[in-house]
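See below for the structure under consideration.
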């Protein structure tokens, strides 16, 4: 199940994304056929008596993401909005959208979740609020390095040095550097309409 607009985006983008990712993670790690996504009528559902809330249109590494909040146990699943010790894609959205991403991270932090599951994190990191601090620092650093670097290599190196030990360095950080400073085409906007 998914919210109607999310179901539509998944159905439009699924195989384009698979074609890209199969080259990176291999053919055994991606779905082989489309899944029928049913549109939800409300922004919540109940599972065994527990209310699970779906928070739509939260800015993250792609416009937009869906976050899951389970208020009864104060659990937040951050999808591609929250990362922890893991370089996020920041290159698929505009500067204004990155500002909104920061605001949305701050809004999610105010929920007071006790268990926070980022969409991506370095193995061994706790499922706690440390991802909020990481994301706020990373988004600020992205803007600083965009302003202070002029080449792909400079951007890549500076972000790698600022976030030493973070994973996805040769995936997300490389992609960010290539798109921001190297002119690499990476445009998924056509699939959103």
* Condition met for residue 81 (in contact with a strand residue (DSSP E or B) (Cβ under 7 Å, 6 or more places away or on another chain), outside the structural domain of residue 5 (by TED's automatic domain parsing) and at pLDDT 95 or above) -> yes
* Asked: In the range 145-152, is there at least one residue being in contact (Cβ under 8 Å) with a residue 24 or more places away in the chain and under 18 Å from residue 59 (Cβ atoms)?
  -> yes
* Structure fact -> Among 37, 22, 54, the single one that is more than 23 Å from residue 180 (Cα to Cα), touching a strand residue (DSSP E or B) at 6+ places or on another chain (Cβ under 8 Å) and assigned by TED's automatic domain parsing to the domain that holds residue 2 is 37
* In the range 2-22, is there at least one residue being touching a helix residue (DSSP H, G or I) at 6+ places or on another chain (Cβ under 9 Å), outside any helix (DSSP H, G or I) and over 28 Å from residue 133 (Cβ atoms)? -> yes
* Looking at (1) within 16 Å of the chain's Cα centre (by Cα); (2) not in a loop (DSSP other than H, G, I, E, B), can you tell me which one residue 89 breaks? -> (2)
* **Residues within the range 112-135 that are outside any strand (DSSP E or B) and farther than 17 Å from residue 101 by Cα, tallied** => 10
* To do: Any chance you could count how many residues in the range 78-117 are crowded, with 21+ Cβ neighbours inside 10 Å and over 27 Å from residue 184 (Cα atoms)?
  => 6
* Mind checking which residues of the range 1-54 are within 23 Å of residue 104 (Cα to Cα), touching a residue at least 24 places away in the same chain (Cβ under 8 Å) and under 21 Å from the mean Cα position of the chain (by Cα)? -> 2, 3, 4, 5, 6, 7, 9, 10, 43, 54
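Residue-by-condition table, conditions (1) at pLDDT below 90; (2) in contact with a helix residue (DSSP H, G or I) (Cβ under 7 Å, 6 or more places away or on another chain):
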residue: 35; (1), (2): yes, no
residue: 43; (1), (2): no, no
residue: 46; (1), (2): no, no
residue: 52; (1), (2): no, no
residue: 58; (1), (2): no, yes
residue: 62; (1), (2): yes, yes
residue: 67; (1), (2): no, yes
residue: 71; (1), (2): no, no
residue: 74; (1), (2): no, no
* Asked: Could we say that residue 105 is touching a residue at least 40 places away in the same chain (Cβ under 8 Å), in contact with a helix residue (DSSP H, G or I) (Cβ under 6 Å, 6 or more places away or on another chain) and either over 30 Å from residue 146 (Cβ atoms) or not in a loop (DSSP other than H, G, I, E, B) (or both) here?
  -> no
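The values are calculated or read from the model by the stated rules, or taken from the named source; none is laboratory data. Just so you know, these numbers come straight off a predicted model, no measurement behind them. Glycine also receives a Cβ, built like all others from the backbone with ideal geometry; neighbour counts cover every protein chain displayed.
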